[in-house]
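These notes concern the structure reproduced below.
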Amino acid sequence: MAVKVKPGGKVLIIAIIVGLGIFGVRRYQNRPKDVVSSLEVGKIALPDAPDASLPTNATKLALPKDEPAVNGGTPITWERMAWNAQFSGMYANGGVRTTKGSLFDAAKLEVTYLRQDDCGKQTADLVKFAQEYKQNPNAPAVLITLMGDGMPAFMTSLAKELEPLGPEYQPIIIPIAHGKSYGEDQIMGPTS
């Protein structure tokens with residue numbers, strides 16, 4: 001069944017389309033055109049890196065090597081989101097995979113970092129690991145890193161998923177601080 005539009009209806013449709021076009025052009029024309037100069041709100045002096053905050057008995061460690069560590073240690077897949085505060089963990093590992101001479105190599109760990117920004121996928125991977133671990137205690141471990149403010153909701157859903165495995169498979173939080181975020185994920189400016 002075809003619907004016929006009378007001439008008055010066609011005029012109305014055309015008028016609406018033209019009206020929306022005019023509204024869109026005017027809205028586009030009224031956008032801010034000039035970028036105002038930035039407002040300096042203060043200055044800080046950063047210390048030189050070698051003297052920053054090291055006590056007198058600190059020891060400078062050699063940088064990790066580029067070659068992979070093959071130490072027969074505990075294999076771990078560590079899922080992380082893109083967050084600059086985790087760079088210290090990357091340094092301790094020597095990169096995405098544990099390298100020779102890194103702190104994780106010295107601890108007999110073989111860590112592979114995996115960027116995973118999807119909390120649902122992280123939950124699924126942790127549940128899969130717990131199921132495999134229940135059958136085989138030598139199953140490769142899976143860890144995740146989240147910011148503290150995201151933990152309550154994440155842990156609630158993860159606990160429900162792990163409940164069928166038994167009380168010994170409930171998630172735990174290991175409070176660690178990899179590093180510090182220096183506000184690179186924010187926008188600051190005057191309210192105006």
Item to check | Range of Cα positions in segment 75-169 per principal axis (Å), largest first | outcome: 41, 32, 17
Checklist entry - Near Glu161, within a Cβ-to-Cβ distance under 12 Å, what is the net charge of the other residues, with Lys and Arg +1 and Asp and Glu -1? => result 0
Checklist entry - Excluding same-chain residues fewer than 8 positions from Lys134, which lysines have a Cα within less than 21 Å of its Cα? => result Lys121, Lys160
Next on the checklist: If you take every DSSP beta bridge fully contained in segment 75-169, what fraction is antiparallel? Give it as a percent rounded to 5.
Outcome noted: 10
Next on the checklist: Quick check for you: which residues of segment 115-132 have the amide N under 17 Å from the point 7 Å beyond the Cα of Leu165 toward its beta carbon?
Outcome noted: 120-132
Checklist entry - Given 0.36 nm per residue, what is the gain on full extension from Gln135 to Leu114 after removing their alpha carbon distance, in nm? => result 5.1 nm
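Throughout, read-outs are computed from the coordinates displayed, never taken from laboratory work. These numbers were taken from a predicted model, which means no experiment stands behind them. Backbone-built Cβ (ideal geometry, glycine too); neighbour counts: all protein chains shown.
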